[in-house]
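The values are calculated or read from the model by the stated rules, or taken from the named source; none is laboratory data. Note that the structure is predicted; figures quoted are calculated from it, not measured. Here Cβ is always computed from backbone atoms with ideal geometry, including for glycine, and neighbour counts include all displayed protein chains.
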Amino acid sequence: MLTDDKRYADCAKDILLKNAKASSWADKEMMMRNPPWQAELNTAHKIFAVANAYDAIYGTLSPQERKEIADGYYRLAIKPLAEDWILPETRIHTLNSMGHNWWSSCVGMCGVATLAFRNELPQADRIIRETNSAISGWFAFEGDNFQHKPRTFDRNGGMYESINYADYGCQEALLYLLALKNVTGKAPDAIPQLDAMAGFFIHSYYPTDNDMMSVYFGDSHKTTTGHNALMLLDALGYESKDIDWYLGNITDGQHREFLGLSSPVGIIYNPANTTPKAPISANSAIYPDMGWATMRDNWNKNATMLAVKSGLTWNHAHADAASFILFHKGSDIIGEAGRCWYKLPEYRNYLFQSEAHNVVLFDGKGQPRHQQYHSSPIAGNVSNLIDTLGIRYVLADATGPNSDRFNRYLRSFLWIDDIILVIDDLASHEEGSYQWLWHPIGTTVKKGVDLDIRNGKAHVVLRQLYPETLAPSDFIHDYPSNMTWEIHNASGEDNKGDQPYYSFHLPKRHDRVKGVTALILDPESQPEIERRKGDGWIGVRIKSHGKITDVYINQLADGRLMHMNSWINPDGWNTEAYITALTYSDDKQALQHRPSRISSFVAAASGMETVIRFTLS
């Protein structure tokens, strides 16, 4: 089409005519299933390539050649895809059995091919009509309680399968919608999920001086982007400065397959390669249906970003309820073990499982391993996102996915100025050993009670404060009440060498503990963090950058009381709050008990309901 050189068209024609005579495209393994699968992902990929080639050389073909090619590929791909995935009278796949990225690809690519062959296929109008309905149904799927399957899209635009598969699944659906718009001049009826889709990829993005990074929960890589989905969304008319800014920050080579900046589709549909200042107003976002949240201090490159996940485990969503990733100064400094090729034993035995994430184990065990296949009947959740005036907070509840061992597994992330407190409220059905797992990225050295972590320009100190600090030296027997540690060697992402992780645990067995871990984002400023305790509460006093912050954690407001009040009186403050944080501008204010910032996180004492009340003065 670019050169108008007929030799290229003749070559494509020969390939299409030859391959149209194949006996079948069915996969032997898929045909052995009950009922047999006539068409699957590879069928969709191949017919998409065929459709584009046919469309490109259409004007050079004779009517007889067009008919021969169309009939051959209708038999090989369009008919099997339509019968297995789309047409009501023959369809064998439902949204609750195959409602992830395979669905959008098989349905969408069948639709693209049908549009390309529409002049030669009398069945085309009906298939396109049913494809429109099927694609809209994929976007709108609300989940399935009987089989514990999640809705396809969170109410705020996220897709639970990871950035990798969200981009791919959306790409396949949007390619069809764009083809439909190009052919007919209009897309199907409004799809509300498209309005919020861009925000999910943008809020999961971490800009750096080098390649951009994305939150890589589940089966994704840190350099995977939502480029394809956002480029196609822009082409469909959902353009915005946010999308332009996102696409402008992607470096060449981070694009999926054929939609890069140097490809025909990329050349046509990528917006102007400009990088305007980030126009996003909110620094934080939450996806309550899928259990993700992101918080950051700003949108500048190499800033600090915390991503939290506590949702469903199944398929491409790992056993990582209440885990998190910390990006800081251009690096992921506390992260995930990653993923590898699914056929490898390291994937199913480690990388998918709880051990590969920043979670708490009980007696060395995390979420049940069968959840990878059968899902978690009770999903985790994130809630109560707060971001204002230097205070950021989100609550992750991982009790459901861990309910075989835990009856309470709440993890609060309280980010105050340049320190993040990870506050664990844990209770188990019986006494056992609680183990905190940490996956530092880069070079990690234990220094006294701290883990000193460095990756590139990033430097973070991890300090466990409760239930106890680490033993300050390697002579562990001299510190019988302190926490001990182990270093585990495990497979790294794509089996490219080992990625060690740390396990902290108490020497004694318990059935209820509180954990508090400080992630110190500016260790060079040498903040002072003091452990404090009182009647019914534990807490910390943080002295940093001329300010003093007292954090009180109410031991009575953790669900242990029924029909009773949970009042405590730390340092003369009467409160029933689950967590209270008071910030003083200087020592004089602290002595006079005149805080410049009051933060109250109030939870019902029954533990059955959590309501956050946040006040500043």
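Scanning for something basic (Lys, Arg), farther than 20 Å from residue 338 by Cβ, part of a strand (DSSP E or B) and touching an Asp or Glu at 6+ places or on another chain (Cβ under 7 Å), does segment 399-416 turn up at least one residue?
Pass one, segment 399-416, residues basic (Lys, Arg): 405, 408, 411.
Checking the rest, the ones that are also farther than 20 Å from residue 338 by Cβ come to 405, 408, 411.
With the extra rule that they be part of a strand (DSSP E or B), the set shrinks to 408, 411.
Adding the requirement that they be touching an Asp or Glu at 6+ places or on another chain (Cβ under 7 Å) leaves 408, 411.
Yes, the conditions are met somewhere in segment 399-416.
Take residue 44 and tell me if it is of a type in the set (A, V, I, L, M), over 18 Å from residue 134 (Cβ atoms) and either within 33 Å of the chain's Cα centre (by Cα) or surrounded by fewer than 18 Cβ atoms within 10 Å (Cβ to Cβ) (or both). Don't jump to the end; show me each part of the working.
On the way: of a type in the set (A, V, I, L, M): yes; over 18 Å from residue 134 (Cβ atoms): no; either within 33 Å of the chain's Cα centre (by Cα) or surrounded by fewer than 18 Cβ atoms within 10 Å (Cβ to Cβ) (or both): yes.
No; evaluated as a whole, the condition is false for this residue.
Return the pairs, sorted by first residue and then second, in which the second residue is modelled with pLDDT under 90, the first residue lies in segment 209-231 and is among the β-branched types (Val, Ile, Thr), the beta carbons are less than 7 Å apart, and the residues are 6+ apart or on different chains.
Final answer for the pair search is 223/211; 223/254; 225/212; 225/250; 225/254.
Is there a residue in segment 105-112 that is more than 19 Å from residue 37 (Cα to Cα) and out of contact with any strand residue (DSSP E or B) (no Cβ under 8 Å at 6 or more places or on another chain)?
Quick first cut of segment 105-112, residues more than 19 Å from residue 37 (Cα to Cα) only: 112.
Subsequent filtering for residues that are out of contact with any strand residue (DSSP E or B) (no Cβ under 8 Å at 6 or more places or on another chain) retains 112.
The answer is yes; a qualifying residue exists.
Of all residues in segment 352-390 being surrounded by fewer than 20 Cβ atoms within 10 Å (Cβ to Cβ) and of a type in the set (Val, Ile, Thr), which is nearest to residue 310 (Cα to Cα)?
Out of the qualifying residues, it is 378.
So, of the residues in segment 525-545 that are of a type in the set (A, V, I, L, M, F, W, C) and touching a residue at least 60 places away in the same chain (Cβ under 8 Å), which turns out to be farthest from residue 348 (Cα to Cα)?
Step one: of segment 525-545, the residues of a type in the set (A, V, I, L, M, F, W, C) are 529, 537-538, 540, 542.
Then keep just the ones that are touching a residue at least 60 places away in the same chain (Cβ under 8 Å); that gives 529, 538, 540, 542.
Details: 529: 40, 538: 39, 540: 39, 542: 41 Å.
Among those residues, the one meeting the criterion is 542.
Of all the residues that make up segment 193-208, how many are farther than 28 Å from residue 372 by Cβ and either of a type in the set (A, V, I, L, M, F, W, C) or free of Cβ contacts under 8 Å to residues at least 40 places away in the same chain (or both)? Steps first, please.
First, the residues of segment 193-208 that are farther than 28 Å from residue 372 by Cβ: 194-196, 198-199, 202, 207-208.
Now restrict to residues that are either of a type in the set (A, V, I, L, M, F, W, C) or free of Cβ contacts under 8 Å to residues at least 40 places away in the same chain (or both): 194, 196, 198, 202.
Selection size over segment 193-208: 4.
Scan segment 297-331 for residues that are buried (at least 24 other Cβ atoms within 10 Å of the Cβ) and charged (D, E, K, R) and jot them down.
Answer for segment 297-331, where residues must be buried (at least 24 other Cβ atoms within 10 Å of the Cβ) and charged (D, E, K, R): 309, 320.
Could you please let me know if residue 432 is buried (at least 18 other Cβ atoms within 10 Å of the Cβ), under 26 Å from residue 560 (Cα atoms) and modelled with pLDDT of 95 or more?
Values: buried (at least 18 other Cβ atoms within 10 Å of the Cβ): no; under 26 Å from residue 560 (Cα atoms): yes; modelled with pLDDT of 95 or more: yes.
Here the answer is no, as residue 432 does not meet what is asked.
How about segment 474-506: which of its residues are surrounded by 12 or more Cβ atoms within 10 Å (Cβ to Cβ), part of a loop (DSSP other than H, G, I, E, B) and within 26 Å of the chain's Cα centre (by Cα)?
Passing the criteria: 490, 492, 499, 500.
Residues checked against (1) of a type in the set (Gly, Ala, Ser); (2) at pLDDT 95 or above:
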| residue | (1), (2) |
| --- | --- |
| 79 | no, yes |
| 83 | no, yes |
| 94 | no, no |
| 104 | yes, yes |
| 118 | no, yes |
| 126 | no, yes |
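Cβ-Cβ below 6 Å, separation at least six or inter-chain, first residue in segment 152-180 and not assigned by TED's automatic domain parsing to the domain that holds residue 45 and among the charged types (D, E, K, R), second in a helix (DSSP H, G or I) and surrounded by 24 or more Cβ atoms within 10 Å (Cβ to Cβ): which pairs?
Hits for this filter: 167/228; 167/229; 172/104; 172/105; 172/108.
Within segment 265-279, is even one residue small (Gly, Ala, Ser), under 30 Å from residue 318 (Cβ atoms) and modelled with pLDDT of 90 or more?
Filtering segment 265-279 for residues small (Gly, Ala, Ser) gives 266, 272, 278.
From the residues that got through so far, the ones that are under 30 Å from residue 318 (Cβ atoms) too are 278.
Add one more test, that the residue is modelled with pLDDT of 90 or more, and what stays is none.
Taking every residue of segment 265-279 in turn, none turns out to be small (Gly, Ala, Ser), under 30 Å from residue 318 (Cβ atoms) and modelled with pLDDT of 90 or more.
So is residue 394 β-branched (Val, Ile, Thr) and either outside any strand (DSSP E or B) or surrounded by fewer than 21 Cβ atoms within 10 Å (Cβ to Cβ) (or both) or not? Quick ask: steps written out before the conclusion?
Values: β-branched (Val, Ile, Thr): yes; either outside any strand (DSSP E or B) or surrounded by fewer than 21 Cβ atoms within 10 Å (Cβ to Cβ) (or both): no.
So residue 394 does not fit the description; no.
Tell me which residues, restricted to segment 349-389, are in a strand (DSSP E or B) and either on the phi > 0 side of the Ramachandran plot or out of contact with any strand residue (DSSP E or B) (no Cβ under 8 Å at 6 or more places or on another chain) (or both).
We begin by selecting, within segment 349-389, every residue in a strand (DSSP E or B); these are 360-362, 365, 381-388.
The answer is 365, 384, 388.
Rundown of residues vs (1) assigned to a loop (DSSP other than H, G, I, E, B); (2) surrounded by 13 or more Cβ atoms within 10 Å (Cβ to Cβ); (3) basic (Lys, Arg), yes/no style:
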{"residue": "513", "(1), (2), (3)": "no, yes, no"}
{"residue": "519", "(1), (2), (3)": "no, yes, no"}
{"residue": "532", "(1), (2), (3)": "no, yes, yes"}
{"residue": "563", "(1), (2), (3)": "yes, no, no"}
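What are the residues in segment 373-389 that are of a type in the set (A, V, I, L, M, F, W, C) and closer than 13 Å to residue 291 by Cβ, if any? Before you say what the answer is, go through the steps one by one.
Taking segment 373-389 as the starting set, the residues that turn out to be of a type in the set (A, V, I, L, M, F, W, C) are 378-379, 382, 385-386, 389.
Hits for segment 373-389 are 378, 379, 382, 385.
Which ones in segment 309-348 are assigned to a strand (DSSP E or B) and among the aliphatic types (A, V, I, L, M)?
Going through segment 309-348, the residues assigned to a strand (DSSP E or B) turn out to be 309, 314, 317, 323-328, 331-334.
317, 325, 326, 333, 334 - these are the residues of segment 309-348 that are assigned to a strand (DSSP E or B) and among the aliphatic types (A, V, I, L, M).
Going by what's in this entry, would residue 338 be described as modelled with pLDDT under 95, surrounded by fewer than 24 Cβ atoms within 10 Å (Cβ to Cβ) and under 30 Å from residue 596 (Cβ atoms)?
Values: modelled with pLDDT under 95: yes; surrounded by fewer than 24 Cβ atoms within 10 Å (Cβ to Cβ): yes; under 30 Å from residue 596 (Cβ atoms): no.
No.
Within the set of pairs 6 or more residues apart or between chains, which connect a residue that is closer than 29 Å to residue 543 by Cβ and of a type in the set (A, V, I, L, M, F, W, C) inside segment 500-524 to a residue that is at pLDDT below 95 and surrounded by fewer than 17 Cβ atoms within 10 Å (Cβ to Cβ) with Cβ atoms less than 9 Å apart?
Between residues of segment 500-524 that are closer than 29 Å to residue 543 by Cβ and of a type in the set (A, V, I, L, M, F, W, C) and residues that are at pLDDT below 95 and surrounded by fewer than 17 Cβ atoms within 10 Å (Cβ to Cβ), the close pairs are 506/481.
Scan segment 352-367 and tell me whether some residue there is within 17 Å of the chain's Cα centre (by Cα) and hydroxyl-bearing (Ser, Thr, Tyr). Please lay out each step first, then the result.
Taking segment 352-367 as the starting set, the residues that turn out to be within 17 Å of the chain's Cα centre (by Cα) are 352-354, 356-359.
Then keep just the ones that are hydroxyl-bearing (Ser, Thr, Tyr); that gives 354.
Yes: segment 352-367 contains one or more residues that are within 17 Å of the chain's Cα centre (by Cα) and hydroxyl-bearing (Ser, Thr, Tyr).
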